[in-house]
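Colleague: Here it is: the structure, laid out below.
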Amino acid sequence: MLRPYLAVIQDSFRAALSSRVLYIVLALIAVILLALAPFHSRETLEWKFSNPQTDFLTPDRLAKRLIDDGKSGDRAAIAHIWDQLSPEFQEALEKQVNEPEVSETRGGGPPPEFRKRRRLSKEFNALMENTNLYDEQAFKGKRLSKETRELIDKGEQRSNIENLRLNRLLLSSALRRDVAMPSDTQLDFYYFNWQWTALTTNQSQTSFANDVKSQLPTYFDKFIMSIGIFIAILITASIIPEMLESGSLNLFLSKPVNRWAMLLAKYVGGCAFIFLSASLLFVGLWLWLGVQLNIWDRAILISIPTYVLVFAMYYAISVLAGIWFRSPILSITCALLFWAVCWAIGSVNAWLDYSHYNTSARQLLATGDDVMMVDYLQQHSAWDIANEEWRNPSERKRNERENGFFFASFFDRLDKFPDMPGPAVNQLDHGFLFADAALEKAFSNQGIQVSSVSTENDWEIDNQGELPGGTIEFVNSATLGTLAINDSGTVFQRLEKEAPAAETDEAAETNDDKQADAKTGIAERLAGLLPTAALTGEYKKISKTNQFEIPNSRAIALHSKTDVLYIYSDGKLTSLKLDKDGNYEEAGSVDLGDHKNNRMTAFVSCGGPHVFVMLGNGQFFQLDSNDLSVEHSMSIDNRVAIRSMNASPDGRFMAATFRDGTLWVYDAEQQKKYDGASLSGTDLMACGFDETNRLWVADRFKSVYCYDLETGDNTIAYEPTADWMTNGFRFLVRPLYRVFPKPGEFYKLISHLSTSNSTRDNLDVDLTQLPHIDNPWAPLKSGIIFTCCILAIACFVFQRMDF
Amino acid sequence: MNASTETVTHAETLPEPVIQVSKLSKVYKDGLIFRKKFTALNQVSLEVGAGQIFGLLGPNGAGKTTFLKILLGIIRKTSGQATLLGSPAGKVAGRTRVGFLPEHLRMPAHLTGFTALEYFGKLQNLPHSIIREKRDQILESVGLSGRGKDRVTKYSKGMLQRLGLAQALLHDPELLILDEPTDGLDPGARADMRALMKSLRDKGVTVFLNSHLLQEVELVCDQVAILNKGQLRYCGSVDQIGEFVRTKTGVAGISINMEVRGNETATLEALGEPLQGNFEIRRVDALPERVVLSLSFSDQDSVDQAVDRIRQKGISLVRLTPSETTLEDAFLKIVSNEAPISNSL
């Protein structure tokens, strides 16, 4: 018997249609859309100098070049261009070179540098209109691009825009190094037919569209959602209180309908009305963005149901308050209070989550029962078994890095800090080696300090040394000592310092012997320069200067038994083996990964007879460590970015953690996922293996657990005592946040849905570079559950209330 | 069920009462922590038979509206039993055959006459086609012919009442509950309303009327019930309420209005002496050269003796008529009498 309830919904529409508020809202939406409609873009060949800062690399040098080459005629093309310039501009350039302007520090308009660039921009843009810029003689012998030649060949058949483009290409070719080459296209913006030149950009349409799409969910959430929801609540707040006026309520309640069903029908009617209004707005925006700006983004259409759901949450609160208080003002107040509570819980959770995330494990190393952890602030901590706490062995001031990282992490810019190389297990004395760089060195090419610690010294630093400048990773071998690798894959080995110049004949004779020995090969070299636990000393290059483009430090792995280096770069895995002279040379390579992204993130790990490679696009490979033949490959199902990866020394297992906090353990013998131990969970941050093939796993709260994968047992647990803030976060704030609705976080869901499966399944996409959306479905789930609960309470109250 | 075609059976077995209430009580609790109790209905029992007009009377705060709301399920009873057309009061099934016109009816402002009928008709689960078929006739029957397309905001109070009545009748109910139906109506409209109620009764529809206007109730109701402070003080026919009052309040058996020619003093002297103790003078109206007395006698012999005495004194007897107890009189007596009175005849 749905007829009565459908009648209620129909009546809601009827009421809305007769309401002035509806027409005001619709009129506003129409006005906004009409105002936006004439704004459109056109992609054309780029010819214009629209960004002086990037178009002209060095204005002063450019001016000097134009004058010198232009007047002397040594370079025909530049001379020809000089002749095309206006006399006023020629004079201005000469003045610029001969009478440099002094920087003005107060008043007087824009600084000289800016004025020069702007003048160049203006004059060169005028020059683009010149029909005589191309001169066959002047440009004879000049190296011109294929596009330039094609345009020249077109001759009189060139269109106007092609003429402009040709002139631009000619100018950039002639003045290479001082004038930037243009992009393929530029994007012009128009309002009706009036061009808004300030907005012209040399981005391509696709790039511009992607930029806009990445920002849309956030702007929709902050503006349209927030303001729109507030207006919608204002419009609908009086529906229930009006229904409860006695003159109409008694009549409704006397009808043969269930009260709770009638209330729900009223609720649905309100939501349906808002759905229609939202559809009008969002479809209008979608059409405008698509037709006029060629940005077809389904995020806008996805916003319609999410907007209605967010409204439904607030409206449920408003309905319950309306039943209880029978006042539109109090209904609105309760809805606002609800927003405030959600915002408070979300903000506190985000702050605590961030602070705990930053100090959670990013990398985990284990040797024996000792573990070292690196967190996202790049702090190294070692577990003090006796005192059951994490010890930070770094002698740097903790605050120094923390302050810098605090601001970086606040703005989610931790990715801008380069990875620190290492850490590594010290194979000689079973401690750890870790890089300990001051903040200012993080962006420099200076050497990074490496320190060693071990439990024997109570985690105090017992050795320090400096890695070569440009090192992106270091590894430690029992036979080779410490190896440092730079970003092109060139390998350096730490050697003892050569003996000082002898003062006695006996000492000199000893030195000559030593030098003679040093020339004879690896055995001799190793004999004279055994690796020690010390870290001081020079590093010598022991490979050719390689030309790898290593995407990240984890793309390098050293096999602990064979000392073979594996490097992933530009779609290839390459193995480097030691030759008879103790230098690394390429032994083999294999193409890996069906992608065209030459900077794809890669994690390489090896052990026993296997090498494992996990790419940022989710592809996984198991290879033979000797000949690099692919033994098994697969794509990881979850399509979430990888966070860390390690292989057991015997090569039997490989473990990886992902951004969603899950752990994946792979059995290389079975060539499938390992199901042995109870390793499920969603807060697992990093993993590592020790030399006995035990798996160590760290969670978000810096607890570390050890598992014997043969038996599946958890053998060791290191659980630091949590402070009140951590306990509060873990047991109060986070559970509350999980249960509570999150009306302000639907942009996550929209972003997730608008990043289509084709993007996530696109093997060219590096998932680690995509913005991470933590649990995008959480706002939807908690929102639906919350709304249902509130509606259930409202129905119960309405059903039981005496009127 | 179409009430217009249903025939009211006068079988030897009486039809089931339309409304049956037994020891119905309602206690309101006010406040959040220290809840104050207020008894709105106290052990009320009555029955309303089919095919009659039943009036519920009572002063303000007597519990009439509470009673109605419990029947219609708008509020819940505290104790007792109540059924509506055989279904427990408050159940949806019982309300399918009930039409209700509430007091102070308020129609949503966006409705017209037609859309109001459509809306409330659909709430009664009537198909759209039926509503369209009947709406003109219904509006005509309540005197709103030709006003169907007008917004209700343009209706007068009386027109709204009629529209309310129209929506109550749209689905041909078996029971029509009217709460102050003539409120705001002019005398002509009230007469129309009374005629309509009677015609509905004649068709077999039971009309349950809640009204302050005793004269209206007296004119249309077959049975009345009087509530006072939550208690049922009377339930029975209008005709017998006078007898009821006299019996219960100890008033003498025969009431007579006697009109004589003469003055008040002589008349009273003539009556006083011979008829001591057997009658009661209730009212004396002294008119020019005439006196009208309202007398109560214990029996017929006393009446005869009084007439003989008047004549013996040479007073001329102009008129001798039995005096009727008005509903208003009875009502006032009943609600002022604090002693509990048992229910219906």
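The values are calculated or read from the model by the stated rules, or taken from the named source; none is laboratory data. Every value quoted in this text rests on a predicted model; they were computed, and no experiment measured them. Counting neighbours? That spans all protein chains shown, and the Cβs are built from the backbone with ideal geometry, glycine included. What goes into the accessible areas is simple: the full protein's heavy atoms, side chains included, and nothing from ligands, DNA or RNA. Shrake-Rupley method; radii C 1.70, N 1.55, O 1.52, S 1.80 Å.
Colleague: Within region A:543-585, can you find the residues that are of a type in the set (A, V, I, L, M) and at pLDDT 85 or above?
Modeller: Result: A:ALA555, A:ILE556, A:ALA557, A:LEU558, A:VAL564, A:LEU565, A:ILE567, A:LEU573, A:LEU576, A:LEU578.
Colleague: Any residue in region B:255-277 that is of a type in the set (D, E, K, R), at pLDDT 65 or above, within 14 Å of B:SER316 (Cα to Cα) and part of a loop (DSSP other than H, G, I, E, B)?
Modeller: No, every residue in region B:255-277 fails to be of a type in the set (D, E, K, R), at pLDDT 65 or above, within 14 Å of B:SER316 (Cα to Cα) and part of a loop (DSSP other than H, G, I, E, B).
Colleague: Given the structure, is A:LEU249 surrounded by fewer than 19 Cβ atoms within 10 Å (Cβ to Cβ), within 14 Å of another protein chain (Cβ to nearest Cβ) and closer than 20 Å to B:GLN124 by Cα?
Modeller: When the stated conditions are applied, A:LEU249 passes them.
Colleague: Could you tell me whether region A:228-240 includes any residue that is open to solvent by less than 10 Å² (accessible area, probe 1.4 Å) and within 30 Å of B:HIS171 (Cα to Cα)?
Modeller: Yes, some residue in region A:228-240 is open to solvent by less than 10 Å² (accessible area, probe 1.4 Å) and within 30 Å of B:HIS171 (Cα to Cα).
Per-residue answers, yes or no, for (1) away from chain A (no Cβ under 12 Å); (2) open to solvent by less than 60 Å² (accessible area, probe 1.4 Å); (3) assigned to a strand (DSSP E or B):
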position: B:ASP136; (1), (2), (3): yes, no, no
position: B:THR153; (1), (2), (3): no, no, no
position: B:ARG162; (1), (2), (3): yes, no, no
position: B:HIS171; (1), (2), (3): no, yes, no
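Colleague: Okay, moving on. Give the number of residues within region A:252-265 that are under 51 Å from the mean Cα position of the chain (by Cα) and surrounded by fewer than 21 Cβ atoms within 10 Å (Cβ to Cβ).
Modeller: Going through region A:252-265 one residue at a time, the tally reaches 3.
Colleague: Which ranges mark the helices (runs of 4 or more DSSP H) fully within region A:1-88 that have 3 or more residues being within 14 Å of another protein chain (Cβ to nearest Cβ) and modelled with pLDDT under 85?
Modeller: Passing ranges, in order: A:3-17, A:20-36.
Colleague: Then there is this: Would you confirm, using the coordinates I've provided, whether A:ALA641 is touching a residue at least 24 places away in the same chain (Cβ under 8 Å), hydrophobic (A, V, I, L, M, F, W, C), touching a helix residue (DSSP H, G or I) at 6+ places or on another chain (Cβ under 6 Å) and over 28 Å from A:ASN426 (Cα atoms)?
Modeller: Against the criterion (touching a residue at least 24 places away in the same chain (Cβ under 8 Å), hydrophobic (A, V, I, L, M, F, W, C), touching a helix residue (DSSP H, G or I) at 6+ places or on another chain (Cβ under 6 Å) and over 28 Å from A:ASN426 (Cα atoms)), A:ALA641 qualifies.
Colleague: Got a sec? Which of A:VAL348, A:VAL310 is aliphatic (A, V, I, L, M), under 15 Å from A:LEU780 (Cβ atoms) and out of contact with any Ser or Thr (no Cβ under 6 Å at 6 or more places or on another chain)?
Modeller: A:VAL310
Colleague: Can you tell me which of A:LEU151, A:LEU169, A:LEU216, A:LEU175 is more than 26 Å from A:GLN137 (Cα to Cα) and either crowded, with 19+ Cβ neighbours inside 10 Å or among the aliphatic types (A, V, I, L, M) (or both)?
Modeller: Numbers: A:LEU151 fails: more than 26 Å from A:GLN137 (Cα to Cα); A:LEU169 fails: more than 26 Å from A:GLN137 (Cα to Cα); A:LEU175 fails: more than 26 Å from A:GLN137 (Cα to Cα).
A:LEU216 is the lone residue from the list that is more than 26 Å from A:GLN137 (Cα to Cα) and either crowded, with 19+ Cβ neighbours inside 10 Å or among the aliphatic types (A, V, I, L, M) (or both).
Colleague: Still on this structure: Could you tell me whether A:ILE295 is touching a residue at least 12 places away in the same chain (Cβ under 8 Å) and in a helix (DSSP H, G or I)?
Modeller: no
Colleague: A further question follows. Out of A:ALA76, A:ALA92, A:ALA63, which single residue is in the same structural domain as A:ASN167 (by TED's automatic domain parsing), under 30 Å from A:ARG165 (Cα atoms), out of contact with any Cys (no Cβ under 6 Å at 6 or more places or on another chain) and open to solvent by 40 Å² or more (accessible area, probe 1.4 Å)?
Modeller: A:ALA76
Colleague: If the requirement is being among the hydrophobic types (A, V, I, L, M, F, W, C) and open to solvent by 70 Å² or more (accessible area, probe 1.4 Å), which of these qualifies: A:VAL797, A:VAL739, A:VAL765? I'd like the intermediate steps shown before the answer.
Modeller: Working: A:VAL797 fails: open to solvent by 70 Å² or more (accessible area, probe 1.4 Å); A:VAL765 fails: open to solvent by 70 Å² or more (accessible area, probe 1.4 Å).
Answer to the selection: A:VAL739.
Colleague: So how many residues does region A:330-386 have that are in contact with a Leu (Cβ under 7 Å, 6 or more places away or on another chain), under 29 Å from A:ASN552 (Cβ atoms) and open to solvent by 10 Å² or more (accessible area, probe 1.4 Å)?
Modeller: Final tally of qualifying residues: 3.
Colleague: Against the definition (modelled with pLDDT of 80 or more, buried (at least 17 other Cβ atoms within 10 Å of the Cβ) and under 30 Å from A:THR206 (Cβ atoms)), how does A:LEU127 come out, yes or no?
Modeller: So A:LEU127 fits the description; yes.
Colleague: Going by what's in this entry, would B:ALA166 be described as among the small types (Gly, Ala, Ser), in contact with a helix residue (DSSP H, G or I) (Cβ under 9 Å, 6 or more places away or on another chain) and within 11 Å of another protein chain (Cβ to nearest Cβ)?
Modeller: No: the conditions fail for B:ALA166.
Colleague: Take region B:106-126 and flag every residue that is part of a loop (DSSP other than H, G, I, E, B) and either open to solvent by 10 Å² or more (accessible area, probe 1.4 Å) or within 7 Å of chain A (Cβ to nearest Cβ) (or both).
Modeller: B:ARG106, B:MET107, B:PRO108, B:ALA109, B:HIS110, B:GLN124, B:ASN125, B:LEU126
Colleague: Confirm whether B:ARG190 is in a helix (DSSP H, G or I), open to solvent by 50 Å² or more (accessible area, probe 1.4 Å) and out of contact with any strand residue (DSSP E or B) (no Cβ under 7 Å at 6 or more places or on another chain).
Modeller: Taking the combined requirement at face value, the residue satisfies it.
Colleague: Applying the selection to region B:193-220, what residues are in a loop (DSSP other than H, G, I, E, B) and on the phi < 0 side of the Ramachandran plot?
Modeller: Result: B:LYS203, B:VAL205, B:SER211, B:HIS212, B:LEU213.
Colleague: Go through B:GLY80, B:GLY51, B:GLY148 for me and flag whichever is part of a loop (DSSP other than H, G, I, E, B) and surrounded by fewer than 20 Cβ atoms within 10 Å (Cβ to Cβ).
Modeller: Unique residue meeting the criteria: B:GLY148.
Colleague: Please pick out the residue among A:GLN215, A:GLN195 that is away from chain B (no Cβ under 14 Å) and under 34 Å from the mean Cα position of the chain (by Cα).
Modeller: A:GLN215
Colleague: Would you please list the contacts, defined by Cβ atoms under 8 Å and residues six or more apart or on different chains, that run from a residue in region A:368-390 that is under 16 Å from A:ASN457 (Cα atoms) to a residue that is in a strand (DSSP E or B) and of a type in the set (Lys, Arg)?
Modeller: Here the result reads A:SER381/A:ARG391; A:ALA382/A:ARG391; A:TRP383/A:ARG391; A:ASP384/A:ARG391, each pair linking region A:368-390 to a residue that is in a strand (DSSP E or B) and of a type in the set (Lys, Arg).
Colleague: Could you grab me the full set of residues in region B:17-26 that are open to solvent by 40 Å² or more (accessible area, probe 1.4 Å) and in contact with a Phe, Trp or Tyr (Cβ under 9 Å, 6 or more places away or on another chain)? Break it down stepwise before answering.
Modeller: Start the filter on region B:17-26 by keeping residues that are open to solvent by 40 Å² or more (accessible area, probe 1.4 Å), which leaves B:20, B:22-23.
Selection gives nothing.
Colleague: Taking region A:96-124, which residues are at pLDDT 85 or above and over 37 Å from the mean Cα position of the chain (by Cα)? Outline the logic, then answer.
Modeller: Residues of region A:96-124 that are at pLDDT 85 or above, as a first pass: A:117-124.
Within region A:96-124, A:ARG119, A:LYS122, A:GLU123, A:PHE124 qualify.
Colleague: Out of A:HIS772, A:HIS752, report the one residue that is in a helix (DSSP H, G or I) and within 18 Å of A:VAL640 (Cβ to Cβ).
Modeller: Answer to the check: A:HIS752.
For (1) open to solvent by 10 Å² or more (accessible area, probe 1.4 Å); (2) closer than 21 Å to A:LEU133 by Cβ; (3) in contact with a strand residue (DSSP E or B) (Cβ under 6 Å, 6 or more places away or on another chain), each residue gets a yes or a no:
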position	(1), (2), (3)
A:PRO182	yes, yes, no
A:THR185	yes, yes, yes
A:ASN202	yes, yes, yes
A:GLN205	yes, no, yes
A:ASP211	yes, no, no
